[in-house]
1. Within the set of pairs 6+ apart or on separate chains, which have a first residue in the stretch B:159-174 that is over 20 Å from residue B:81 (Cβ atoms), a second that is of a type in the set (Asp, Glu), and C-beta atoms under 8 Å apart?
2. Which of the residues belonging to the stretch A:202-243 are over 25 Å from residue A:173 (Cα atoms) and in a helix (DSSP H, G or I)?
3. If residue B:274 meets every condition in (1) in a loop (DSSP other than H, G, I, E, B); (2) within 25 Å of residue B:142 (Cβ to Cβ); (3) touching a residue at least 12 places away in the same chain (Cβ under 8 Å); (4) outside the structural domain of residue B:187 (by TED's automatic domain parsing) apart from one, which number is that one?
4. Looking at B:255, B:222, B:210 in this structure, which one is touching a residue at least 40 places away in the same chain (Cβ under 8 Å) and assigned to a loop (DSSP other than H, G, I, E, B)?
5. Do any helices (runs of 4 or more DSSP H) entirely within the stretch B:80-178 hold 2 or more residues that are of a type in the set (D, E, K, R) and out of contact with any Lys or Arg (no Cβ under 9 Å at 6 or more places or on another chain), and if so, which?
6. Could you count how many residues in the stretch A:105-138 are within 11 Å of chain B (Cβ to nearest Cβ), among the hydrophobic types (A, V, I, L, M, F, W, C) and loosely packed, with under 14 Cβ neighbours inside 10 Å?
7. For residues in the stretch B:390-419 being within 13 Å of another protein chain (Cβ to nearest Cβ) and closer than 19 Å to residue B:346 by Cβ, which is nearest to the chain's Cα centre (by Cα)?
8. Would you confirm whether or not the stretch B:487-494 contains a residue that is more than 25 Å from the chain's Cα centre (by Cα), in a helix (DSSP H, G or I) and either free of Cβ contacts under 8 Å to residues at least 12 places away in the same chain or within 14 Å of chain A (Cβ to nearest Cβ) (or both)?
Amino acid sequence: MTNTPDAKPMIELLDVSKNFEAGTALHPTNLRFARGQTTVLIGPSGCGKSTILRLIIRLLEPDGGLIQFDGDRMSPKNIAEFRHRVGYVIQDGGLFPHLTARDNVVLMARHLGRTEVELITRLDELATLTRFPAEALDRYPGQLSGGQRQRVSLMRALALSPELLLLDEPFAALDPLVRAGLQKDLKEIFQRLQQTAILVTHDLAEAAFLGDHIVLLNEGRVIQQGLLGDLRDRPGSEFVTEFISAQRSLAFA
Amino acid sequence: MRTIRKAGRQEGKQARRRSTRRYCLPVFLLLFSAVCASGKPLIIGSKKFTESYVLAEIAKHALSDGGLPAEHRQGMGGTIILWEALRTGQIAVYPEYTGTIAEEILKSPAMVSPEAIRAELAKAGVGMTDELGFNNTYALVMRRDAAEKARISKISDLRDHPELRFGLTHEFLNRQDGWPPLAGRYRLAQRDLKGIDHGLGYEALRNRSIDVKDAYSTDAKIAENNLVALEDDLRFFPQYKAVFLHRLSLPAEAIGSLQRIAGSLDEARMIRLNAEAERTKDYARAAGSYFRERGETFASGGSETLASKLLRWTARHLQLAGISLLLAVIVGVPLGIMASKGGAIGHAILAVTSAVQTIPSLALLALLVPVPFFGISARTAIAALFLYGLLPIVRNTASGLQDIAQPIRESAIALGLTSGARLRQIYLPMASRTILAGIKTSAVINIGTATLAALIGAGGLGEPIISGLNLNDHATILQGAIPAAVLALLVQWSFDLLDRFVIPKGLRL
């Protein structure tokens with residue numbers, strides 16, 4: 001990757017914390033997400049990885065600390081404008097069942113007043129990019145396969161050419177063959193778009209395949225970050241070794 | 001849009017100004033002649049039983065003959081509604097009984113002298129004619145064969161037969177001079193006691209599902225059904241001398257016309273008129289007999305064909321149900337949206353709309369009738385139907401919105417859609433099936449409940465139903481019940497059809 005460590009990060013968490021009634025989801029945490037890279041947040045269930053994404057897109061308000069996007073402090077006031085610059089993909093797509101694939105994808109662009117010509121052009125590009133069959137664009141989510149739904153969800157997230165793409169376990173609900181195909185396509189897309197992305201997964205193989213930078217979390221804390229090789233060869237704690245060896249056979253088979 | 005509307009209004013204004021000039025004189029003349037003919041017809045109310053209908057018809061013709069056009073709103077729902085309507089000037093006249101006036105209206109059972117009663121009534125701007133002649137008191141009636149077999153001829157004889165099944169009208173069950181004190185005085189301890197509609201009670205006596213019911217002593221059905229009235233041997237029942245109650249503000253000639261009826265109706269004649277009305281199902285005709293017996297002419301209005309009556313009832317019924325439904329949708333959907341957000345306000349909205357649903361329809365009507373804007377008009381019926389129709393729409397809108405899955409909501413938020421756009425473009429379309437089902441429930445309920453409009457003289461298909469219940473005449477009941485059922489089905493079907501247009505295709509896969 002081309003970015004240098006001292007380049008201004010796309011997004012930065014400064015002492016960000018989040019508590020729920022059930023306990024602490026995220027202890028005060030500092031994280032920098034570099035431009036043009038895919039950062040993978042990995043860890044066991046409940047480690048706080050999804051919470052970080054939801055804090056960034058402001059589905060959750062942080063209890064402490066602040067989040068900066070491209071150097072600007074994010075707040076409830078500027079969040080609307082910020083959300084247009086970020087794409088968000090979740091596990092089961094979150095597609096609107098009453099809208100066709102086409103309308104799901106262009107919903108936001110249309111809302112922002114783009115012309116129909118612009119919409120059609122953009123839709124063409126996205127369908128090609130995500131290898132989504134054009135004839136299926138007029139189907140409803142209920143008429144699409146799981147893999148197709150995730151491609152639509154990806155198109156929707158990319159529709160406004162976002163500076164940042166957030167993916168929360170986007171392949172978790174797919175069967176292995178479909179998942180492998182999508183993972184491969186996604187890697188290509190990221191490379192072609194030089195896309196800054198944050199991917200949440202609990203699957204080390206997926207992290208290794210898609211991630212430039214890996215952040216391992218446990219119980220609301222960052223345990224270690226770096227390249228996968230760093231984590232494997234220089235584990236910072238017993239937990240890192242355990243987590244890697246538990247999935248080792250899959251990741252390095 | 002706004003400017004177009006404004007322009008339209010201005011055009012309308014100009015047109016009106018032109019027409020005002022052109023039609024000024026004829027309109028003035030017309031108004032003048034209308035005022036001379038004393039304008040609006042006087043409205044006469046009646047309770048929902050034959051005698052009250054006949055007396056009201058007699059009053060109507062007596063007033064009309066005196067040159068005062070009158071209109072009969074028949075079969076309104078009980079003493080309280082009629083009294084409130086009279087007190088607030090929404091009806092001019094209705095037939096009442098002295099016992100009821102003392103017990104139910106003035107709440108002073110001891111008051112017997114007409115002077116004292118008149119003085120009390122005058123405080124509400126209401127006058128009372130002299131007694132019409134007959135005493136229509138309450139009586140307990142039994143099948144003649146059953147009474148003879150059990151050797152029962154007096155009410156005290158009932159004391160030895162606690163097994164007899166009583167079917168009493170709801171009004172009698174609750175009256176100051178009704179069942180509870182009667183049972184106390186006679187020390188009756190009936191085991192089987194239920195409330196039943198007056199007309200249906202006769203049916204129940206005939207098919208032996210009850211043994212004793214309350215009746216009015218001039219009721220023609222007593223002789224007709226071969227029943228006996230038990231002697232009130234402890235003189236419990238007060239006198240129920242028929243009179244007309246009227247607004248004191250009526251013109252003197254109107255009061256004079258009513259007063260001329262006083263003293264002319266003895267018990268035998270009243271029973272005969274009641275019997276005629278029930279036989280012919282024509283109250284006006286029975287009233288006609290009264291005037292003919294007095295040697296007076298009687299101009300009966302042309303009788304309406306069944307088809308035209310059905311059309312009138314159905315059109316009014318649809319109007320009542322339709323307008324109230326529209327209002328319920330306009331108010332209910334926004335309330336449902338507020339309720340879907342939960343919290344104190346959300347719970348309060350659901351609690352209030354549910355509570356409204358539990359108010360008995362007659363009580364709701366009685367609450368609305370004295371309110372100036374409402375009164376005994378279609379407005380009151382529409383308001384009541386609107387209130388009853390609210391709950392299904394509010395509840396379904398709220399639950400339809402609450403049922404939208406969290407990931408969908410979060411996707412809509414994360415896309416950056418404003419809250420208004422989320423509601424319009426995502427949440428409401430997704431909840432449309434549930435919301436529409438709520439509206440459909442309301443519509444069907446409204447079609448059924450709109451029959452209650454007849455209780456306040458607002459018309460609709462309830463008119464033949466109430467009239468038929470009173471006459472115990474199945475054919476008349478069905479004239480209202482069948483169209484009401486057909487309407488309910490049609491509404492159901494048309495909503496099923498509407499589903500296809502309103503519910504987005506993606507939700508119907």
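The values are calculated or read from the model by the stated rules, or taken from the named source; none is laboratory data. Since this is a predicted model, take the numbers as computed values, not measurements. For neighbour counting, all protein chains shown are included, and Cβ atoms are generated from backbone atoms with ideal geometry for every residue, glycine included.
1. Matching pairs, first to second residue: B:163/B:192; B:164/B:192; B:164/B:211; B:165/B:192; B:165/B:211; B:166/B:192; B:166/B:211; B:168/B:214.
2. Of the stretch A:202-243, the ones over 25 Å from residue A:173 (Cα atoms) are A:221-227, A:229-242.
Passing the criteria: A:229, A:230, A:231, A:232, A:233, A:238, A:239, A:240, A:241, A:242.
3. (1)
4. Values: B:255 fails: assigned to a loop (DSSP other than H, G, I, E, B); B:222 fails: assigned to a loop (DSSP other than H, G, I, E, B).
That would be B:210, the only listed residue that is touching a residue at least 40 places away in the same chain (Cβ under 8 Å) and assigned to a loop (DSSP other than H, G, I, E, B).
5. On the way: elements: B:114-122, B:144-149, B:170-174.
Per the criteria, B:114-122, B:144-149.
6. Total satisfying the criteria: 1.
7. Filtering the stretch B:390-419 down to residues within 13 Å of another protein chain (Cβ to nearest Cβ) leaves B:400, B:403-419.
Of the ones still in play, those that are also closer than 19 Å to residue B:346 by Cβ are B:400, B:403-404, B:406, B:409, B:419.
Numbers: B:400: 35, B:403: 39, B:404: 42, B:406: 48, B:409: 47, B:419: 45 Å.
Selected residue: B:400.
8. Within the stretch B:487-494, the subset more than 25 Å from the chain's Cα centre (by Cα) is B:492-494.
Okay, now just the ones that are also in a helix (DSSP H, G or I), so B:492-494.
With either free of Cβ contacts under 8 Å to residues at least 12 places away in the same chain or within 14 Å of chain A (Cβ to nearest Cβ) (or both) added as a condition, the list becomes B:493-494.
The answer is yes; a qualifying residue exists.
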